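Working notes, structure below.
The values are calculated or read from the model by the stated rules, or taken from the named source; none is laboratory data. Not measured: the values here are computed from a predicted model. We place every Cβ from the backbone using ideal geometry, glycine too, and count neighbours over all the protein chains shown. Note: areas computed on protein heavy atoms with side chains; ligands, DNA, RNA excluded. Shrake-Rupley method; radii C 1.70, N 1.55, O 1.52, S 1.80 Å.
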Amino acid sequence: MAQAIISPLLERGENSSEKFFAVVRSLNSVQSFQENQTKWTSKIKVVSSDNSESRQAWEAPLILLAVKPQQLNMVKASLDSIKFQHTSTKPLLISILAGVSLKRLTEIFPTHNCVRVVPNTPCLVRKGLTALSWEKETNLDQVSKVKSLFNPISEVLELPESQLDSFLALTSSGPAYISLIVEALSDGAVASGLPRDLAYQLTNKMISGTLSLLEEKQMHPAELKDMVASPAGTTINAIRHLEMAGLRSALIEAVVSATETSRQLR
């Protein structure tokens, strides 16, 4: 995700690779980063967290924190030996850690202005959704910088932090729900006689076309469902089976469960 955020900045020529400095967990992670670099990120310097040079990253005016939430305490431990210089404006720290609250971020990084950002994986193809919230000390110029990072790859929304967990449960976890639905529908098509590759292709195009129809015509989902479901027809009988299997309830509970899990990460 960090590379997905950085690459568009480099592609537009606004910054050179030499201005970026990456710190990863271990030497194995350094190797993995180097193997997955694009032509835009190939000159970014990357070191492991146990390298003495890693402290340079914390002296930068803008830091993108993109570790797993479980690694946050490890990051905190690595900062204990660093003495930060006090400036009139605190440097900016952007966290994309799921569920980690602004309160906890400011406790761990008191020398930085913290912004909590929730992106989703479609950012990788520049069709993402990103929500952000920030602490009171963060100035408007810093907020503008955050937006400029995510605008090229997503639609950016400003939300109160209390809504970020629900946003995450729907938009960040959502691609996994949709992928499961795509796989299940494709399996059904294969069971009914279609070749596997064709089943995936048709399912993807059907979902893409349906979403475009809903968005461009500004239709309510129930309206489109009623258009397709004719009396005693194939569709209404299929919907009947989905309702009996509890599909609607399962999806509702999936979003609620993911929201609660995100809140527990705090």
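The table below lists the values:
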{"quantity": "Tally of residues being in a helix (DSSP H, G or I) and either surrounded by 13 or more Cβ atoms within 10 Å (Cβ to Cβ) or among the small types (Gly, Ala, Ser) (or both) across segment 236-250", "calculated": "6"}
{"quantity": "First in segment 46-69 and surrounded by 13 or more Cβ atoms within 10 Å (Cβ to Cβ), second anywhere and outside any helix (DSSP H, G or I) and aromatic (Phe, Trp, Tyr), Cβ under 6 Å, 6 or more apart", "calculated": "56/21; 57/21"}
{"quantity": "Residue among 129, 224 that alone is open to solvent by less than 60 Å² (accessible area, probe 1.4 Å) and within 23 Å of the chain's Cα centre (by Cα)", "calculated": "129"}
{"quantity": "Hey, residue 227 of a type outside the set (D, E, K, R) and either under 30 Å from residue 106 (Cβ atoms) or part of a helix (DSSP H, G or I) (or both) or not", "calculated": "yes"}
{"quantity": "Residue within segment 112-119 that is farther than 25 Å from residue 175 by Cα and either among the basic types (Lys, Arg) or part of a strand (DSSP E or B) (or both) present", "calculated": "yes"}
{"quantity": "Within segment 136-193, helices (runs of 4 or more DSSP H) holding 3 or more residues that are open to solvent by 50 Å² or more (accessible area, probe 1.4 Å)", "calculated": "140-150, 174-191"}
{"quantity": "Top-ranked residue in segment 2-40 [being assigned to a loop (DSSP other than H, G, I, E, B) and open to solvent by less than 70 Å² (accessible area, probe 1.4 Å); ranked as modelled with the highest pLDDT]", "calculated": "20"}
